[in-house]
1. Which value at 222 nm does the chain reach when only helices count, each DSSP H run of 4 or more adding -39,500 (n - 2.57), with the total divided by all residues and rounded to the nearest 500 deg cm²/dmol?
2. In whole angstrom, how far apart do the alpha carbon centroids of the stretch 243-258 and the stretch 317-390 sit?
3. Can you give me the Rg/Rh ratio for the stretch 277-427, using Cα atoms for both radii and the Kirkwood formula for Rh?
4. How high is the relative contact order of the stretch 25-95, in percent, counting Cα pairs under 8 Å that sit 6 or more residues apart?
5. Which value does Rg/Rh take for the stretch 71-135 over its C-alpha atoms, Rh per Kirkwood?
6. Would you work out the Kirkwood radius for the stretch 28-185? I mean one over the mean of 1/r across all pairs of different Cα atoms, in Å.
7. Distance between the C-alpha centers of the stretch 391-425 and the stretch 90-111? Whole Å please.
8. State the volume of the convex hull built on the alpha-carbon positions of the chain, expressed per residue in Å³ and rounded to an integer.
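Read-outs throughout are calculated quantities, based only on the coordinates presented, and are distinct from any laboratory measurement. Please read all numbers here as calculations on a predicted model, not as lab measurements. Counting neighbours? That spans all protein chains shown, and the Cβs are built from the backbone with ideal geometry, glycine included.
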Ligand code: AMP
Ligand code: GLY
């Protein structure tokens, strides 16, 4: 069969790498892809949200399945676009329709959903410009730090955590009255700050049954010791040592089952990934957020651990028989270290030549922000590449990722050398 992956990051390279190992796939395309995806499939120069061009390509190339990597096309309704088109409606799309994508597309929707279905999450209220004064009052009832979330998609920048009441009030005013995040902050969710340690749990569902994939821990801040600005993610570790079987069982009964049942009850036919961002608060899970896709860079640590054919699971999603499928997980640790461009997540340069890729041994290099120019592979994004390694211990895997990180070079290269350090105390 012929398969099209939508997206261009490290997550999509990991999907392409994994799916290229499936014997059932004849042609694998990635739109728009990057220099890494070009080594395992064919890149197609179409933007992830250009639905009309995607349609044309899908029909001309007899595509039999579309796997959507990022949230943007899902929130904009790529799956609905397929279902509403006579020529496309029988081509399965892995990723929810617009209604399900609201779980990520609107923080207010997802908080209300959690409350409706009794899913543990931080206490919250939602405010608009008209009731800014009430929002300012609500802040006074909370203890610092304060958690303010723009309702809509804000390219990962929409959550602000001020430490003083004064800053929090200023921030809320900026978001609501001055449209700091444009339309995304027309509504703002204010919630209690949760104390604990964070992890990402991934679920694949056909709308009825579900599979829990390996969990991962992400490193969001740019600086070592979890300092500085938020990024898309600077590294990932899977499995997560503090998320033992007992904890995952709690997540399943308190979060996953109520989520799947809640979607069904609300008539939302959800086919795709659910990424549950969780806080482990003294052994109890509390949901920070839902995403309607896999995480990046978590995918780069999670997918290599799945030993079975990923296409088989996707076919289970498409054909609503996921309950008949099984998959095997590699028990070893997979560690991912992200190399980023100097300056990221603020302004950074693109187009710098990347060298040393031929010296990598014992790691998988997933490209994120890269492209080919006439003569070389060059940087083309803030997060440049993810280096994933296996080990029987976390440190054995990390050592390989770090030593290979040294072998790749481009101007301004930066990576966090403390990925995994916070987890050592759990062994
Ligand atoms: P989100 O985009 O909702 O994942 O928020 C970005 C980051 O802010 C999360 O990964 C957490 O580290 C942090 N965060 C969000 N909500 C809370 C909360 N209620 N308590 C503590 N930290 C939070
Ligand atoms: N790594 C977090 C995310 O993909 O949103």
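1. On the way: 13 runs with 114 residues, N = 427.
Result for the chain, helices only: -7500 deg cm²/dmol.
2. The stretch 243-258 and the stretch 317-390 have Cα centres spaced 29 Å from each other.
3. Working: Rg = 17.7 Å, Rh = 17.5 Å.
Using Cα coordinates only, the ratio equals 1.01.
4. Numbers: 70 pairs, mean separation 17.9, N = 71.
Here the relative contact order equals 25 percent.
5. Details: Rg = 16.0 Å, Rh = 13.9 Å.
Radius of gyration relative to Kirkwood radius: 1.15.
6. Numbers: mean 1/r = 0.0549 Å⁻¹.
That comes to 18.2 Å for the stretch 28-185.
7. Centre-to-centre (Cα) distance: 34 Å.
8. Details: hull volume 60.7 nm³, N = 427.
Output value, Cα hull per residue: 142 Å³.
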